[in-house]
Amino acid sequence: MLLYLIFMIPPLIFMIYAQIKVNSTYKKYSKVYNQRGITGAQAALQVLRSNGLGNVPVEVVKGKLTDHYDPTQKVLRLSADVANTTSVAAIGIALHEVGHAIQHKTKYWFMGIRSALVPAANIGSNFGWILVIGGLLLMALSQALAEFGMWVAVAGVVLFGAAVLFTLVTLPVEFDASNRARQVIKSTGLLVGQEYEGASAVLSAAALTYVAAMLQAVAQLLYFLLMIFGMRRN
């Protein structure tokens, strides 16, 4: 238990920090409105059309910060707070999702890899740890089943590794989408001066959550490996 806490507490603390940072930054800049009076949905539609993506519809979905681009249906979905308000936070988030749509159109390499990893990542995150725990129990309870248990645990690590790889590939995808949003804001003049700085701050804060998720996944994987090879030596 102590070893597990040593591995998992640091990334957990970082995750808590990232969530606090996102919420506080979003709250701050959701009260700062752009001078042009353009909403998140309007900004998204404008940039989509200018990039030859006028066929991508913008839909409003329930929830807070539930914004995403669906590459399977080629739909941009924005939460009501982002789609219908003129805050600089809304503009930043909306154009981040537009960045994903542009990535899809241009066949951005990392986005293709991430999409391909989705099935394996879902299986790995849901069942990988079960195999690891089951294998470790077999190794601990029976000498006769120790070898089999080890291979069960290793299979679990491989499955869980797919989920870890997904979080690693997610980083360049999200960072690139935010950079595209910043470039579009500057080139179109949608936001200027402090407005741009506010939107950029929201994008930077959101990026921390992806880093935190990656750190948690990597720490979990390293813990599993240490447990397996530690019991193997014993």
Over the chain, the sum of -39500 (n - 2.57) across DSSP H runs of at least four, divided by residue number and rounded to 500 deg cm²/dmol, gives at 222 nm -25500 deg cm²/dmol
Taking DSSP loops as anything outside H, G, I, E and B, show the longest stretch in the chain free of trypsin sites (Lys or Arg not before Pro) there with at most 13 other beta carbons within 10 Å. 108-234
Among beta bridges that DSSP assigns inside the chain, antiparallel share in %, nearest 5: 50 percent
Read through the labelled values (1) 1.09; (2) 1.00; (3) 0.98 and report the label of the one computed as Rg/Rh (Cα atoms, Kirkwood Rh) from the structure. (1)
Kyte-Doolittle mean at least -1.0, axial Cα span of 30 Å or more - DSSP H helices of the chain: 2-29, 146-188, 194-233
Sorting Ala155, Asn55, Gln42 by the position of each Cα along the dipole of segment 2-233 (Lys, Arg +1; Asp, Glu -1; all at Cβ), the one nearest the positive end of that ordering is Gln42
Whole-Å distance linking the alpha carbon centroid of segment 130-151 with that of segment 194-227 is 33 Å
Summing +1 per Lys or Arg and -1 per Asp or Glu among the other residues with Cβ less than 11 Å from Ala94's Cβ gives -2
How many lysine pairs are close in the chain, with Cα atoms under 23 Å apart and the two 8 or more places apart or on different chains? 17
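Any read-out appearing in this document is the output of simple, stated calculations on the displayed coordinates, not a laboratory observation. No experiment lies behind these values; they were computed from the predicted model shown. We place every Cβ from the backbone using ideal geometry, glycine too, and count neighbours over all the protein chains shown.
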